[in-house]
Amino acid sequence: MSRFDVVGFGALNVDKLFKVNKLAKAEEESFVEDYVEACGGSAANTVVGLARLGCKVGYIGKVGCDREGDVLVQDFCNEGVNTAGVVRVEQGKSGSVMGFVDKKGARALYINSGVNDTITLDEVNARYAAQAQFLHLTSFVGDESFQTQKRLLDAVPESTKVSFDPGALYARRDSATLEPIIRKTYVLMPNALELTLLTGEIAYSKGADAMIGRGVKIVAVKLGSGGCYVTDGNERHVIEPFKVDVVDTTGAGDAFCAGFLYGLVNGKNLLECGKLGNFVASRCVMKMGARAGLPRAEDLDLLG
């Protein structure tokens, strides 16, 4: 038996979001109307989503010995995420994102990666990752941590399946650089644009087939307000989204990954996994921020 259902490996950031009257251009001024701070990072949002659904989850990441590092680790502890894989270092700052959001919801984001981009293989416990049923990878800005992810995949057994949400950062990398991760990916969860960047195919169905042809077992394509498309090369489903009042789409893709992985961990079929992904994403977008709306296990009763 695996010790963890899912272990995430990605960036850890404190999101500092400023609501402004307008996004200022060069030499312009704007003013701040409100300020909120929240913990973020794509894989981190996904593991928190899984923890709320009752899964056993851990995390591999890196923070500094600063206030932001304290906040990130404490938030994981509050959510029931195992933090034994999170490295704390004296030198360097924890990751943060400054976001400016106008009245229409348009955003400008400034990422300060900090120590996120300096994770070495020496700092990662391969045995910790090997105790997971799924190892969930998301993107880093810098190259060193990306290379560490690739090396870690050589150190974990085949019994640990890899789930991969590339994000635009990794989708824009050249195909050969990504190949070591793609080759070992069990489930790939891009959005439609990322899939086009990865494959050159405009139609997401063709792009998904191309990734299946490269050895990926399952492709789940996030289509935003269009729901999702899922395939394992045999089954193909376009799954309608849940109709909800959208407040903020921040973290919706990460929430989808949480729902989809919850389905896989619990032996659900492809169609059920897609519905679970859509459901968790729909709850996420009903509240501000990436985590506030993430549902708990009892909320799954609403699925019927």
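The values are calculated or read from the model by the stated rules, or taken from the named source; none is laboratory data. Quick caveat: nothing in here was measured; it's all calculated off a predicted structure. Cβ: placed from backbone, ideal geometry, glycine included. Neighbour counts: every protein chain shown.
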Matching residues, the range 88-102, being modelled with pLDDT of 95 or more and within 22 Å of the chain's Cα centre (by Cα): Arg88, Lys93, Ser94, Gly95, Ser96
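Go through the range 1-17 and give me each residue that's surrounded by 18 or more Cβ atoms within 10 Å (Cβ to Cβ) and not charged (D, E, K, R).
Phe4, Val6, Val7, Gly8, Phe9, Gly10, Ala11, Leu12, Asn13, Val14, Leu17
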Search the range 168-183 for residues being at pLDDT 95 or above and under 30 Å from Arg3 (Cβ atoms), and hand back the single one that is surrounded by the most Cβ atoms within 10 Å (Cβ to Cβ). Tyr170
Just wondering, is there one or more residues in the range 231-249 that are hydroxyl-bearing (Ser, Thr, Tyr), touching a Ser or Thr at 6+ places or on another chain (Cβ under 7 Å) and within 25 Å of Ala210 (Cβ to Cβ)? no
The range 17-54: number of residues that are over 15 Å from Met98 (Cβ atoms), among the basic types (Lys, Arg) and either in contact (Cβ under 8 Å) with a residue 40 or more places away in the chain or in contact with a helix residue (DSSP H, G or I) (Cβ under 7 Å, 6 or more places away or on another chain) (or both): 2
Flag if Arg127 is out of contact with any Lys or Arg (no Cβ under 6 Å at 6 or more places or on another chain), farther than 14 Å from Tyr59 by Cα and among the basic types (Lys, Arg): no
Looking only at the range 1-31, which residues are at pLDDT below 95 and part of a strand (DSSP E or B)? Asp15, Lys16, Leu17, Phe18, Lys19, Val20
Where in the range 55-151 are there strands (runs of 3 or more DSSP E), lying fully within it, with 3 or more residues that are on the phi < 0 side of the Ramachandran plot, of a type in the set (A, V, I, L, M) and buried (at least 18 other Cβ atoms within 10 Å of the Cβ)? 57-64, 132-137
Among the residues of the range 149-170, are any in contact with a Ser or Thr (Cβ under 8 Å, 6 or more places away or on another chain) and of a type in the set (Phe, Trp, Tyr)? yes
Enumeration of residues in the range 210-257 that are in contact with a helix residue (DSSP H, G or I) (Cβ under 8 Å, 6 or more places away or on another chain), among the polar types (S, T, N, Q) and farther than 19 Å from Gly289 by Cα: Thr231
